[in-house]
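Heads up: the structure comes next, in structure tokens.
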Amino acid sequence: MSSALYVAPEVAAAIAENRPVVALESTVLAHGLPFPDNLETARAMEAAVRAGGAVPATIGIVKGRLVAGMEARELELFAEEGAATRKVSTRDFGAVLAAGGDGATTVAGTLVGARIAGIRVFATGGIGGVHRDGEATLDISADLDALARNPVAVVSAGAKSILDLPRTLEVLESLGVPVVGIGTEDFPAFFTRSSGLKLVSSVADARQAAALLRAHWELGLESGVLLANPIPAEAALSEPEVEAWIARVLGEARAEGIHGKAVTPWVLGRLHDLSGGRTLAANRSLLLHNAAAAAEIASALAQLEA
Ligand code: PSU
Ligand code: MN
């Protein structure tokens, strides 16, 4: 394990004993949800991982040190500081570590931390992907490249329809990243259970997911796997309504000249306002659902390898 990473004792012990561990990201905490919902949700995700028999390891950079297993007071600090915390994707590590600063890791950043720590399952809400108009702007999240380079399974509710979902799936295919539906043959669209796009692989449950992961990695393939877990039906929003909010918010973002790494947090924040908190409630629900599923999958994987 790299000395650039500090692994909390509870997490290190679980990894050493092949007990299940689930990585969690810190960008959704600092940038994806407003205070204090962000803190409450982060705590609830950790509790959901524990309830599923796994050890949670929230990953982030604390005072210039990459940490797997952030402490409660560090989560509080990131939640309170919110968008003032630097958003750390793959490109940002060197700068933030060398400066001794704090950083909230995105899906890409968290994948790097999970790989170094030896954690194979990671729960988040939605991954970044190809933005709408991405064929012109080339705004394609580094999450996709990181999925190609780090052998970690990411449990997410797909990617939100603020993105160009067909192109996101095309890029994942090119990069050799399997996208596997959990209990569905459709690619979920975050706030809704289906994007209408068909997947080529699906599994029925955590045991099947673990068997697929093991078979993928036994070949020495170094890519991650995207496990697509649809939002629970009772929490799903209506597709036309979500689409209307997104169209409006993306128009506003263009008019305001929002670009680069600010796009995703800005759009998410506006959606929460515009929907009167409904996207926030849906987001919380799918985050907890993914944390619970990831704990089950990490447990099944540990059992396969016992
Ligand atoms: N999707 C969400 N909530 C989030 C994010 C994505 O529903 O908070 C965050 C994740 O951390 C993801 C990042 O890795 O946004 C992607 O940002 P970008 O598009 O700038 O790569
Ligand atoms: Mn981007």
**Asked** Of ASP133, ASP102, ASP92, which residue is at pLDDT below 95 and more than 17 Å from the chain's Cα centre (by Cα)?
**Response** ASP133
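Listed here are the residues, each with its yes/no results for (1) closer than 25 Å to VAL49 by Cα; (2) touching a strand residue (DSSP E or B) at 6+ places or on another chain (Cβ under 8 Å).
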| position | (1), (2) |
| --- | --- |
| ALA236 | yes, no |
| ALA255 | no, no |
| HIS259 | no, no |
| ALA262 | no, no |
| VAL267 | no, no |
| LEU271 | no, no |
| ARG278 | yes, no |
| LEU287 | yes, yes |
| ALA291 | yes, yes |
**Item:** Residue check, GLY134 within 16 Å of ligand 2 (Cβ to nearest atom), touching a strand residue (DSSP E or B) at 6+ places or on another chain (Cβ under 9 Å), small (Gly, Ala, Ser) and over 15 Å from GLY32 (Cα atoms)
**Value:** yes
**Message:** I need the full set of residues from the range 216-243 which are touching a helix residue (DSSP H, G or I) at 6+ places or on another chain (Cβ under 9 Å) and closer than 18 Å to SER174 by Cβ, in order please.
**Reply:** GLU222, SER223, GLY224, VAL225, LEU226
**Request:** Considering each of ILE140, ILE162 in turn, give the residue that is modelled with pLDDT under 95, under 26 Å from VAL249 (Cα atoms) and β-branched (Val, Ile, Thr).
**Result:** ILE162
**Message:** Return the residues of the range 17-38 that are surrounded by fewer than 24 Cβ atoms within 10 Å (Cβ to Cβ) and of a type in the set (Asp, Glu); say none if nothing qualifies.
**Reply:** GLU17, ASP37
**Prompt:** For the range 115-130, which residues satisfy the criterion of being crowded, with 24+ Cβ neighbours inside 10 Å and either over 12 Å from the mean Cα position of the chain (by Cα) or among the basic types (Lys, Arg) (or both)?
**Reply:** ALA117, ILE119, ARG120, VAL130
**Near pairs, Cβ below 8 angstrom, 6+ apart or cross-chain, from the range 217-229 (farther than 11 Å from VAL180 by Cβ) to any residue that is small (Gly, Ala, Ser) and loosely packed, with under 14 Cβ neighbours inside 10 Å** = LEU221/GLY176; SER223/GLY176
**Request:** Would you tally the residues in the range 138-160 being within 16 Å of ligand 2 (Cβ to nearest atom) and within 24 Å of GLY269 (Cα to Cα)?
**Result:** 9
**Item:** VAL112 being over 23 Å from LEU288 (Cβ atoms), within 13 Å of ligand 1 (Cβ to nearest atom), in contact with a strand residue (DSSP E or B) (Cβ under 7 Å, 6 or more places away or on another chain) and hydrophobic (A, V, I, L, M, F, W, C)
**Value:** no
**Request:** From ALA146, ALA153, grab the single residue that is under 12 Å from the mean Cα position of the chain (by Cα) and within 15 Å of ligand 1 (Cβ to nearest atom).
**Result:** ALA146
**Criterion violated by THR264 - all others in (1) surrounded by fewer than 17 Cβ atoms within 10 Å (Cβ to Cβ); (2) within 16 Å of ligand 2 (Cβ to nearest atom) satisfied** = (1)
**Item:** Among the residues listed as GLU234, GLU170, GLU239, the single one being more than 16 Å from ligand 1 (Cβ to nearest atom) and modelled with pLDDT under 95
**Value:** GLU239
**Search result, residues across the range 87-109 that are more than 9 Å from ligand 1 (Cβ to nearest atom) and either surrounded by 24 or more Cβ atoms within 10 Å (Cβ to Cβ) or free of Cβ contacts under 8 Å to residues at least 24 places away in the same chain (or both)** = VAL88, ASP92, GLY94, ALA95, GLY103
**Prompt:** Is it true that some residue in the range 105-113 is part of a loop (DSSP other than H, G, I, E, B), of a type in the set (Val, Ile, Thr) and within 12 Å of ligand 2 (Cβ to nearest atom)?
**Reply:** yes
**Request:** Take the residues in the range 114-134 that are touching a Lys or Arg at 6+ places or on another chain (Cβ under 7 Å) and not in a strand (DSSP E or B), then tell me which one is farthest from ALA54 (Cα to Cα).
**Result:** GLY134
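The values are calculated or read from the model by the stated rules, or taken from the named source; none is laboratory data. All of these numbers come straight from a predicted model, not from anything done at the bench. Backbone-built Cβ (ideal geometry, glycine too); neighbour counts: all protein chains shown.
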